[in-house]
1. Using the per-residue mean of other Cβ atoms lying within 10 Å as a proxy for protection, in what order, highest first, do the peptides 123-129, 145-151 fall?
2. What does the charge count near TYR143 come to, summing +1 for each Lys or Arg and -1 for each Asp or Glu among other residues with Cβ under 9 Å from its Cβ?
3. Between ASN222 and residues 5 or more places away or on another chain, which pairs have amide H atoms under 5 Å apart, with H built 1.01 Å from N, and which residues are they?
4. Just need the Rg to Rh number for region 145-201, please, alpha carbons only, Kirkwood Rh.
5. What are the ³J(HN,Hα) values, in whole Hz, obtained from phi via the Karplus relation 6.51 cos²θ - 1.76 cosθ + 1.60 with θ = phi - 60°, for each residue of region 178-191 in sequence order, with x given for Gly and Pro?
6. Per residue of region 252-263, in order, report the coupling 6.51 cos²θ - 1.76 cosθ + 1.60 (Karplus, θ = phi - 60°) as ³J(HN,Hα) in whole Hz, putting x for Gly and Pro.
7. Rounded to whole Hz and in sequence order, give me ³J(HN,Hα) for region 131-142 from the Karplus expression 6.51 cos²θ - 1.76 cosθ + 1.60, θ = phi - 60°, writing x for Gly and Pro.
8. Along the charge dipole of region 126-239, Cβ charges K/R +1 and D/E -1, which of PHE195, GLN216, SER137 sits furthest on the positive end?
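The values are calculated or read from the model by the stated rules, or taken from the named source; none is laboratory data. Note that the coordinates shown come from a computational prediction; the quantities given were computed from them, not determined experimentally. When we count neighbours, we look across all protein chains shown, and the Cβ atoms used for this are built from the backbone with ideal geometry, even at glycine. Just so you know, the surface numbers come from the protein's heavy atoms only, side chains and all, with ligands and any DNA or RNA stripped out. Shrake-Rupley method; radii C 1.70, N 1.55, O 1.52, S 1.80 Å.
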Amino acid sequence: MVDRKVVVAGAVAAVAVLVLGGIAGAMVLGGGGGGDTPTPDDADGSDEPDDSGGSADTPTRAPTTAGNGTATNGTATAFPTLTPTSAATPTATPTATPTVTPTPTVVPTRTPMLPRRFSEREVELELRRLINDWRRSNGLKVYANANGSLVERINRMSLNHSEAMAERGELVYETHNLSVAGRYKEFGLFETCKFKKKDAQFIVRPDKNQFQVIGQTYIARNFQENGETVYHENETAVAREIFRDWTDNRVYAQVLDYPNANRLGLGIEITEDNEVWVTGNICGTGDDPS
């Protein structure tokens, strides 16, 4: 009786030989191009073609150089993706902030207004009112008959002097070669305007400067007074300025507070340069100012 283990081992070995033989045959039949690939043992150094009918040796492709200088054996090498270099962003140099010089504050100067916009008559009426209020507060009778014919004559005499001062550009008592007494005589008022002094036995006549007051200021124009800039914007402001100057002046105040002087003439002249020249002249027609 044959041993079962020997039979089985022989069968396994036979199967193994068949499998290996099949693989080897497949490798021989699957050669490239049907020709035998030469081996070092087959080379005999002859240039003659092989008479066995086999194909010539397959030439080896020469290596090609890629665009970047790298040799390849026919296989395309991917060109490297170039990462663009970002240009450096220039750093802005900070601009120095200019130092601003503060503009000096300018004190506004008012533009002079044309003198034709102002009325000498309004200055006269306001000044007359202020003086009468002042006399009344001092217990004196007011200057009467402001629109009477006598006051009109005194007004013309006063205006004549104011115009003359404006032409000369200075405050003076004498103009046109006439003193105060000379003007009263020239206008026929020397005897008419004399009066008796109250509580005295003598007559007060315009033979000196005791019948006249004068003044000068500006309207709608800046001017300096006692170190300050002054601006009179209307006739009322001008009249108040003249009134203060006259009543604050002791000599002029004595002229204006004669108890028996009952008429007052005022002459106002406003020039093209906005100057205001003023003359006041008093007159008495007896103790009764009516």
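1. Details: 123-129: 20.4, 145-151: 13.3.
Highest-to-lowest ranking by the protection proxy: 123-129, 145-151.
2. Values: positive: ARG128, ARG135, LYS141, ARG263; negative: none.
Surrounding charge for TYR143 is +4.
3. So ASN222 has HN proximity to no qualifying residue.
4. Details: Rg = 13.3 Å, Rh = 12.7 Å.
Rg divided by Rh gives 1.05.
5. 10, 7, 4, 4, x, 5, 4, 5, 4, 9, x, 10, 5, 6
6. Result, ordered by residue: 5, 4, 5, 5, 7, 10, 5, x, 8, 7, 10, 10 Hz.
7. For region 131-142, the Karplus-derived couplings read 5, 5, 4, 5, 4, 4, 5, 9, x, 10, 6, 6 Hz, x marking Gly and Pro.
8. The listed residue farthest towards the positive side: PHE195.
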